[in-house]
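The structure appears below as structure tokens.
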Amino acid sequence: MKMLKRFDGHSLIKALIVLFFIVFLVVPLFSILIVSITGVPINVFGSLVDPETFKSTIDAFKNSSLEFYKSIASKSGYLSALMNSLELSLLVSVVVVVMCLPIAYGIARTKMPFKKTLTALCTIPLIVPTFIAANAFIVMFGRSGWVTYIYESLRGNGLLINPSSMIGIAMVQVFFFFPYALWPMVAAFKLSDITLEEGSQNLGAKNWFTFAFVTMPLALPGLISSALLIFTVSFSDFGTPIILAPKDLNLIVVEAYREIAGFFNWAGAAILTVIMVVVAAFFFCLQHLFTKGKSYGTVSGKPKKQKIIKNKWLTRTIAGYTCLVVLVLLLAMISVLLQSFATTWGVGVLPDGYTMANYQAVFSSSFENVTNSLILASGALVLSVVIATFVSYFVVRQNASKLDFMTTVPLVVPGIALGIALIQTFNTAPLQLTGTATILIIAYTIRRLPYMVRSTVGTMRSIKQDIEEAAVNLGASRLTAAITVVGPLMIPGIAAGSILVFITVIKETSVSILMAPAEWAPMSLAIFQNILRGEYYTAAAMSIILVVLVLVLQAIATKLSKGDA
Amino acid sequence: MGSVTVKNLIKQYDGVMALNNVNLEIQEGEFFALLGPSGCGKTTTMRCIAGFEKPTNGEIFIGKQKVNDIPANKRNCGMVFQSYALFPHLDVFQNVAYSLNIKELEKRGPGTKIKTYARMINKKLAKSPPEIEKKVMEILEYVELAPYRNRLTSELSGGQQQRVALARALAMEPAVLLMDEPLSNLDKKLRNSMRATIRKIQLDLGITTIFVTHDQEEAMSMADRVAVMKDGDVIQLGTPTELYSNPKSAFIADFVGSSNIFKGSVIGQDGERSIVQLDGFQIRSTSIPKNKEVEVVIRPENIEIALGEEHPGDDILEGKVLMSTYLGSIVRYDVEIGPYIVMVDTTYQSGKSVYPPGANVKLTVDPEKVFLL
Ligand SMILES: Nc1ncnc2c1ncn2[C@@H]1O[C@H](COP(=O)(O)OP(=O)(O)O)[C@@H](O)[C@H]1O
Ligand SMILES: [Mg+2]
């Protein structure tokens, strides 16, 4: 009897979690797929409770066809949006890998000067949402940007780089996504087989020869995998294009956003959503295929000692180059900082004057956006902690592989796509949630849950089952064992995961802009709207507040994880 | 304290038969060893007794009580895990106090309950009541760990961790103490001293103990009785001397100590003795053969060896020394007799010379020490 009861409690929670995923992830994605072939919005939950709705859904099905997909070919807007997006992602991923090569090699294999500082500065992009970065590039390279000013005074007229162009967008993405590729590439260089390299050198090969024909081929799978990762990230990015994309440059994320937010064109938005998910999923899977077969074989073996290159000429060149990359990041952030303190900033290297008024404006009129962000992020945090803790328990202790799979699905769904799917599904009764804080929190949670789950599953795996059994053996019930043993041991994993969730939710752009109701507008939406309204200085001030907030949280996270190690 | 009875225990893991009708009767206060090679079902037996595995079939009694339906946390079996399974977030004191805190949770009101939970999560959160303090310190003194009470368990040596695990199990005053290969993570020297420590504690407290090991020397030197397991079955149960002097199968003879094992056939009787024909010679044995075809088991230390012209009596076999090896205080000879190579152990005495390879020797065996299986 007791066994039966315990079994029930566990499976009830498991069922609730599965239900959560079905209702808020599977059904929305599924119904957006249906909308893309029927061409009219459908109400899945309504069809379940109301026969009338059910009938109209069936009718919609009868009229379904692949016409709408055929229209992609004819409606040149969609096709060109897709092609442009693919082109952008390809450009960005190739440039990122090429740009990162020397830096990754420098970090992994050389004793370059200022390695620690440079490495730390390379993480700046991780704390800056791309729409803030995009805005920074306007401040630098835009028509009245200070770089443009310097360029004009040196060379004459025109722009050095036009930020509102494919090249401009690519540049922002390159500089603000490269850390996602950098660390895997550093790992690839660290792992490639040192014995082969030594062999090559023993045979009398020159250093460059060894690099080109031994080191590079060995690191190649890692590089390709990094490129594929960047491809997906760039393809799904919404913050950069929404700020920078000019009217005549169609990109799929922006196009989808316009269809839904501007024209309420469900059919069009649905088709674009399906295409986005398919493309992102394809490249995500491709990347995993690439990393799967190659475990590099060094993880379990003896640690091989790699030769650290000390050649002064080489290390200084790499360090100098890394400085240049980091300098762009620093200048971008300084530009936003200066803008946030500027009275006005006309044409010139520096603002015309300095003031605190922008911050005062934020604190007096838009402080609500800050608290909104914090409340929404806290909500998502609590929800993800609860779900992730149970999921990791089921995955680790009961081998729930389907659940494990389900929690990774959100990784392949671009934010805009998830937003559109949720809006469509929860637009009408019986589950009318669109425009509420609840659905916003749920969207944040679903989007960030994979990271949280990864963190808690890792910790759960490190807690051996016999520790839990020891507690039971000493008289503790399962619950007491969970509270007194599993709980305390889980805290580091939960803490690390929650801060990550909190940070990413505060940075979140696409879902916020698409789904947040006016009374719950978070900081990212407020900044976006300020930029649209041309209130650049308050936008800059709020951006700085956001970045500082993230920075502080990041520092706490680092401190926490160090304290435990 | 209590006896443990296991009746017809069967455990199946989807398709795999881990235990195949195990029967054990362990007396109160007995030190009982489960001995067998890896994978034979020792841990599974122990986990069934502790309540972590539900038997597919069979009954388990602790004392007079049938415990099949009693959950693991109510069985009052102290278990020492192979990995020790100490609580890494608690110090030595709170590890040992864990079971006492659990009992505290059961009997007191809400205020004490919260305090107890707090202590079990982090010792800084609440102080232990004096009676727990006293009891834990007594146990820590007993296992010589009192000075380490505030250490985290990760800051202890292997032997100390082992003693914390033991102390933690003893603190709950269990009816039965279960130990799963408790010494396998220690180095050889420490292992020998821990053997003595564990045995002394067990005798002091008179606690019924089930001790799992794959090391025959450990089982034979520590236990009152030993059950030898193979492929999910108990194939022989008895005192160490019984197993040693009367192994029921070649497997046991081999497992509990090295033996000479030859195939032969019984060709007649000489009074109480059976005469067994081997290839080229005969040998006599007092044990009663079950079949005509038998396995002859002779332990190396039960064979006497002498030079060609020296001594002996009945049943002399002639052979030639192939090799001699020192095994600590004994000398092992490999002696060739016809097609056989026979192992012979003698205690090494300083001054006495060792027979060189090639020496012609005579071997004698007492028929009482020749086993027919
Ligand atoms: N959880 C399990 N699932 C499936 N098979 C198991 C499990 N636990 C043990 N077994 C199998 O049962 C047999 C006995 O295992 P075990 O009791 O651990 O052996 P021992 O402790 O004697 O080394 C082995 O064949 C093992 O593979
Ligand atoms: Mg075992």
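How many residues are surrounded by fewer than 18 Cβ atoms within 10 Å (Cβ to Cβ) and more than 12 Å from ligand 1 (Cβ to nearest atom) when one looks only at region B:33-53? It would help to see each step written out before you state the result.
First, pick out the residues of region B:33-53 that are surrounded by fewer than 18 Cβ atoms within 10 Å (Cβ to Cβ): B:37-39.
Still in the running and more than 12 Å from ligand 1 (Cβ to nearest atom): none.
Adding up the residues that qualify gives 0.
Given the residues B:V226, B:V296, which is the only one that is under 16 Å from the mean Cα position of the chain (by Cα) and either open to solvent by less than 10 Å² (accessible area, probe 1.4 Å) or within 16 Å of ligand 1 (Cβ to nearest atom) (or both)? Show your work before the answer.
Numbers: B:V296 fails: under 16 Å from the mean Cα position of the chain (by Cα).
Going through B:V226, B:V296 in turn, the sole match is B:V226.
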What are the residues in region A:422-450 that are at positive phi and without any contact (Cβ under 8 Å) to a residue 60 or more places away in the chain, if any?
none
Tell me whether region B:232-252 contains one or more residues that are modelled with pLDDT under 85, among the β-branched types (V, I, T) and in the same structural domain as B:T43 (by TED's automatic domain parsing).
yes
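Is it true that A:D8 is at pLDDT below 70 and among the charged types (D, E, K, R)? Talk me through it step by step, then tell me what you get.
Numbers: at pLDDT below 70: yes; among the charged types (D, E, K, R): yes.
Spelling it out, A:D8 is indeed at pLDDT below 70 and among the charged types (D, E, K, R).
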Would you pick out the residues in region A:466-497 that are surrounded by fewer than 24 Cβ atoms within 10 Å (Cβ to Cβ), touching a helix residue (DSSP H, G or I) at 6+ places or on another chain (Cβ under 7 Å) and more than 9 Å from every other protein chain (Cβ to nearest Cβ)?
A:V486, A:M490, A:P492, A:I494, A:A495, A:A496
From the list A:V382, A:V395, A:V370, pick out the single residue that is crowded, with 17+ Cβ neighbours inside 10 Å and closer than 29 Å to A:L549 by Cα.
A:V370
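Just checking, which of A:A521, A:A429, A:A437 is small (G, A, S) and crowded, with 20+ Cβ neighbours inside 10 Å? First the steps, then the outcome.
Working: A:A429 fails: crowded, with 20+ Cβ neighbours inside 10 Å; A:A437 fails: crowded, with 20+ Cβ neighbours inside 10 Å.
Result of the check over A:A521, A:A429, A:A437: A:A521.
So which strands (runs of 3 or more DSSP E) are wholly in region B:265-371 and hold at least 1 residues that are at pLDDT below 85, in contact with a strand residue (DSSP E or B) (Cβ under 7 Å, 6 or more places away or on another chain) and among the acidic types (D, E)? Outline the logic, then answer.
On the way: elements: B:273-277, B:282-285, B:293-298, B:303-307, B:316-327, B:330-337, B:340-347, B:360-365.
Those strands (runs of 3 or more DSSP E) span B:293-298.
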Of all the residues that make up region B:57-85, how many are of a type outside the set (A, V, I, L, M, F, W, C), crowded, with 17+ Cβ neighbours inside 10 Å and within 19 Å of B:E28 (Cα to Cα)?
3
Looking only at region A:345-367, which residues are free of Cβ contacts under 8 Å to residues at least 40 places away in the same chain, of a type outside the set (F, W, Y) and open to solvent by 70 Å² or more (accessible area, probe 1.4 Å)?
A:D352, A:M356, A:Q360, A:S364, A:S365
Are any residues in region B:164-223 within 16 Å of ligand 2 (Cβ to nearest atom) and open to solvent by 30 Å² or more (accessible area, probe 1.4 Å), and if so, which ones?
B:S184, B:N185, B:H214, B:D215, B:Q216
Considering region B:10-26, residues that are within 16 Å of ligand 2 (Cβ to nearest atom) and touching a Pro at 6+ places or on another chain (Cβ under 9 Å), and then whichever is nearest to the other protein chains (Cβ to nearest Cβ), we arrive at B:K11
Which of the residues that make up region B:232-288 are open to solvent by 30 Å² or more (accessible area, probe 1.4 Å) and at positive phi?
B:G271, B:G280
With the checklist (1) more than 7 Å from ligand 1 (Cβ to nearest atom); (2) touching a residue at least 40 places away in the same chain (Cβ under 8 Å); (3) exposed (fewer than 14 other Cβ atoms within 10 Å of the Cβ) in hand, flag the one item B:G15 doesn't pass.
(2)
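The values are calculated or read from the model by the stated rules, or taken from the named source; none is laboratory data. All of these numbers come straight from a predicted model, not from anything done at the bench. Using ideal geometry, Cβ is built from the backbone for each residue, glycine included, and neighbour counts are taken over all protein chains shown. For accessibility, only protein heavy atoms count, side chains too; no ligands or nucleic acids. Shrake-Rupley method; radii C 1.70, N 1.55, O 1.52, S 1.80 Å.
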